[in-house]
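Heads up: the structure comes next, in structure tokens.
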Amino acid sequence: MVYVGTREYKLGRMKMSHMIASTIDELHEMADQLGIDRKHFQNKNGKPHYDICKTNKTMAFKLGALEVNDREIIYHLNLLK
């Protein structure tokens with residue numbers, strides 16, 4: 001399952017959200033479907049995710065991602081450790 005955070009933060013003029021998944025393979029598969037280059041994958045401190053813009057966030061929902069709050073993002077990231 002792929003999850004996208006409700007929180008949006010600014011990166012330049014864009015609004016971004018975190019995208020995580022139950023497995024790294026699912027995360028990369030969704031990124032591939034969204035056309036996100038693998039160089040944007042982040043695994044800081046063992047917390048694998050992509051930062052996605054609002055357009056990709058909308059598309060991720062159309063592809064089946066679930067929207068979750070920050071607490072749920074942290075919970076799912078801890079499961080991946």
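The values are calculated or read from the model by the stated rules, or taken from the named source; none is laboratory data. Given the structure is predicted, the values throughout are model-derived calculations rather than measurements. Cβ atoms come from the backbone with ideal geometry, glycine included; neighbour counts cover every protein chain shown.
Could you tell me whether the range 39-47 includes any residue that is part of a strand (DSSP E or B) and not aromatic (Phe, Trp, Tyr)?
The answer is yes, given that some residue of the range 39-47 is part of a strand (DSSP E or B) and not aromatic (Phe, Trp, Tyr).
Which one of the conditions (1) of a type in the set (Gly, Ala, Ser); (2) out of contact with any helix residue (DSSP H, G or I) (no Cβ under 8 Å at 6 or more places or on another chain); (3) closer than 16 Å to residue 72 by Cα does residue 22 fail to meet, given that it meets all the rest?
Of (1) of a type in the set (Gly, Ala, Ser); (2) out of contact with any helix residue (DSSP H, G or I) (no Cβ under 8 Å at 6 or more places or on another chain); (3) closer than 16 Å to residue 72 by Cα, only one is false for residue 22: (2).
Residues of the range 50-81 being more than 11 Å from residue 18 (Cα to Cα), surrounded by fewer than 16 Cβ atoms within 10 Å (Cβ to Cβ) and touching a helix residue (DSSP H, G or I) at 6+ places or on another chain (Cβ under 8 Å), which ones?
Listed by number, the residues that qualify are 63, 81.
Taking the range 2-49 as the search range and keeping residues that are without any contact (Cβ under 8 Å) to a residue 12 or more places away in the chain and touching a strand residue (DSSP E or B) at 6+ places or on another chain (Cβ under 9 Å), which one is surrounded by the most Cβ atoms within 10 Å (Cβ to Cβ)?
Within the range 2-49, the match that is surrounded by the most Cβ atoms within 10 Å (Cβ to Cβ) is 29.
Among the residues of the range 9-31, is there at least one that is at pLDDT below 95, aromatic (Phe, Trp, Tyr), assigned to a helix (DSSP H, G or I) and more than 11 Å from the chain's Cα centre (by Cα)?
Scanning the range 9-31 turns up no residue that is at pLDDT below 95, aromatic (Phe, Trp, Tyr), assigned to a helix (DSSP H, G or I) and more than 11 Å from the chain's Cα centre (by Cα).
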